[in-house]
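These notes are about the structure you will find just below.
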Amino acid sequence: MNWRRDLVDFALDEDTERLIAEQKKWIAAEPGAARPYYHLAQLYRLQQRRDEATALLLHAVALDDVLAPAHTALSQMYAVSGDLAAARRHASRAAQLGEPEAAAMLARYGA
């Protein structure tokens, strides 16, 4: 048993749960705001909750199609899952919005 790792993991889990609760409160207060959905999705990604994260990101871009970080995150998630058409679509949109990292990543790996 590595007590330091266990202690750090416990503290990070508690912080993540606190942040999740904050994002859910924000969503409840402002259901039309895209940012809390994006932030909650990123937290779910940390927890390996991919399907929930994807749904939240799709909801975020439905609310605000110019939220480039959400398109970048979707591109990454779709690339990992093997849906390269969707990955390219979101990478392209992110690049149009000034965030070219996802498109560069896909080009670098020949996707």
In degrees, nearest 10, the alpha-carbon axis of helix 50-63 is tilted away from the dominant principal axis of the alpha carbons of the chain by 60 degrees
Which angle between 0 and 90 degrees, to the nearest 10, do you get for helix 84-96 versus the longest principal axis of the chain when only C-alpha atoms count? 80 degrees
Here the alpha-carbon Rg of segment 3-108 over 2.2 N^0.38 Å rounds to 1.15
Evaluate the distance, in nm, between pseudo-label points positioned 7 Å from the Cα of ALA111 and of SER81 along their respective Cα→Cβ axes. 1.2 nm
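Only the coordinates and a few stated rules stand behind these numbers; no lab work does. Keep in mind the model is a prediction, meaning the values are calculated, not measured. For neighbour counting, all protein chains shown are included, and Cβ atoms are generated from backbone atoms with ideal geometry for every residue, glycine included.
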